[in-house]
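First up is the structure itself, then whatever we jot down about it.
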Amino acid sequence: MGNPMRIRAAASDGVTEVKVLMNHEMETGQRKDSSGNLIPAHFITELNAKHGDKVVLQAEFGPSVSKNPFLSFKFKGGAKGEKVVISWVDNKGDSRSDEATIG
Amino acid sequence: MDQLRRNTLKAGSGLSLFSLLVAAGMVKPGVAEAAWSKAAFEAKKMDAALSALGAGSPAESAEVQLTAPDIAENGAVVPVGVVSNLPDTEEVAILVEKNPNMLAARFMLPAGTEAAVQTRIKMGQTSDVYAVVKAGGKYYMAKKEIKVTLGGCGG
């Protein structure tokens with residue numbers, strides 16, 4: 001189970017802006033530790049965002065997305081009090097899902 | 001018959017059945033319905049990455065805007081934003097020409113989601129960054145050189 005992410009969703013003029021800060025190493029698999037051994041790659045591969053039952057964003061990440069990835073996007077619709085759910089899986093099969101209330 | 005079963009079990013000792021199946025390519029780890037675009041993410045050449053995305057050679061378009069700093073002091077965290085003013089934008093991909101693997105991220109935008117995404121990427125060195133957009137079944141792009149003073153892929 002990954003660490004919790006921070007999600008902020010704000011609706012204005014019929015558009016909801018979502019900002020997500022994930023908590024993940026995003027290890028590239030190219031770095032070496034102090035004894036010269038390659039650190040295995042560990043990064044988020046897929047992410048999806050849902051507003052109710054509707055998928056509002058799907059993303060695929062490679063290891064060159066920064067550590068603790070940030071993501072922001074906007075979708076039409078969404079009202080105060082409704083939920084946005086963000087889920088990700090990483091290359092080791094770990095996953096995490098968090099929700100936020102649109103404010 | 002029994003011999004085969006025995007060998008299979010022997011090979012499986014110490015490994016879980018799941019990881020065996022993964023190794024054999026029979027089971028994909030992660031979410032089944034959205035398969036990660038392995039070929040595109042592992043491409044080490046720009047044209048290979050683009051063709052793995054199905055983009056071929058996208059036309060440069062002024063309707064695609066790539067927002068990023070001219071100079072990134074820290075290559076580990078480079079804020080990048082892509083906005084597309086093209087109608088029916090379905091997909092946005094961000095690629096870094098001089099990274100070991102070009103493709104950084106790919107976004108699929110269902111109808112109703114605006115073609116405006118922002119994220120942060122790592123850059124090993126000064127490079128052109130490409131925003132490739134799929135709109136109405138065609139591919140367009142914008143590029144921008146970002147100078148990196150401190151690489152983000154070193155130890």
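State yes or no: is residue A:56 more than 29 Å from residue B:72 (Cα to Cα), open to solvent by less than 50 Å² (accessible area, probe 1.4 Å), at the interface with another protein chain (Cβ under 7 Å from one of its Cβ atoms) and in a strand (DSSP E or B)?
yes
Filter segment B:77-126 for residues that are at the interface with chain A (Cβ under 8 Å from one of its Cβ atoms) and among the charged types (D, E, K, R) and give the result.
Of everything in segment B:77-126, those that are at the interface with chain A (Cβ under 8 Å from one of its Cβ atoms) and among the charged types (D, E, K, R) turn out to be B:106, B:114, B:120, B:122.
Being charged (D, E, K, R), in a loop (DSSP other than H, G, I, E, B) and surrounded by fewer than 23 Cβ atoms within 10 Å (Cβ to Cβ) is the filter here, so list the residues in segment B:114-131 that pass it.
Once the filter is applied, which keeps residues that are charged (D, E, K, R), in a loop (DSSP other than H, G, I, E, B) and surrounded by fewer than 23 Cβ atoms within 10 Å (Cβ to Cβ), segment B:114-131 yields only B:114.
Let's see how each residue does on (1) crowded, with 19+ Cβ neighbours inside 10 Å; (2) not β-branched (Val, Ile, Thr):
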| position | (1), (2) |
| --- | --- |
| B:75 | yes, yes |
| B:79 | no, yes |
| B:83 | yes, no |
| B:87 | no, yes |
| B:92 | yes, no |
| B:102 | yes, yes |
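Counting just the residues of segment A:4-28 that are in a loop (DSSP other than H, G, I, E, B) and touching a strand residue (DSSP E or B) at 6+ places or on another chain (Cβ under 7 Å), which one comes out farthest from the other protein chains (Cβ to nearest Cβ)?
If we take residues in segment A:4-28 being in a loop (DSSP other than H, G, I, E, B) and touching a strand residue (DSSP E or B) at 6+ places or on another chain (Cβ under 7 Å), then A:4 is farthest from the other protein chains (Cβ to nearest Cβ).
If only one of A:69, A:63, A:4 is of a type outside the set (D, E, K, R) and open to solvent by 70 Å² or more (accessible area, probe 1.4 Å), which one is it?
Answer to the check: A:4.
Within segment A:61-103, track down each residue that is within 28 Å of residue B:74 (Cα to Cα) and more than 10 Å from the chain's Cα centre (by Cα).
Scanning segment A:61-103 gives A:62, A:63, A:64, A:65, A:66, A:67, A:73, A:74, A:90, A:91, A:92.
Residue B:40 fails exactly one of the following numbered conditions: (1) surrounded by fewer than 20 Cβ atoms within 10 Å (Cβ to Cβ); (2) within 14 Å of another protein chain (Cβ to nearest Cβ). What is the number of that condition?
(1)
The values are calculated or read from the model by the stated rules, or taken from the named source; none is laboratory data. This is a predicted model, so every value here is computed, not measured. Cβ atoms come from the backbone with ideal geometry, glycine included; neighbour counts cover every protein chain shown. For the accessible areas, the whole protein counts, side chains as well, though only heavy atoms, and no ligand, DNA or RNA atoms are used. Shrake-Rupley method; radii C 1.70, N 1.55, O 1.52, S 1.80 Å.
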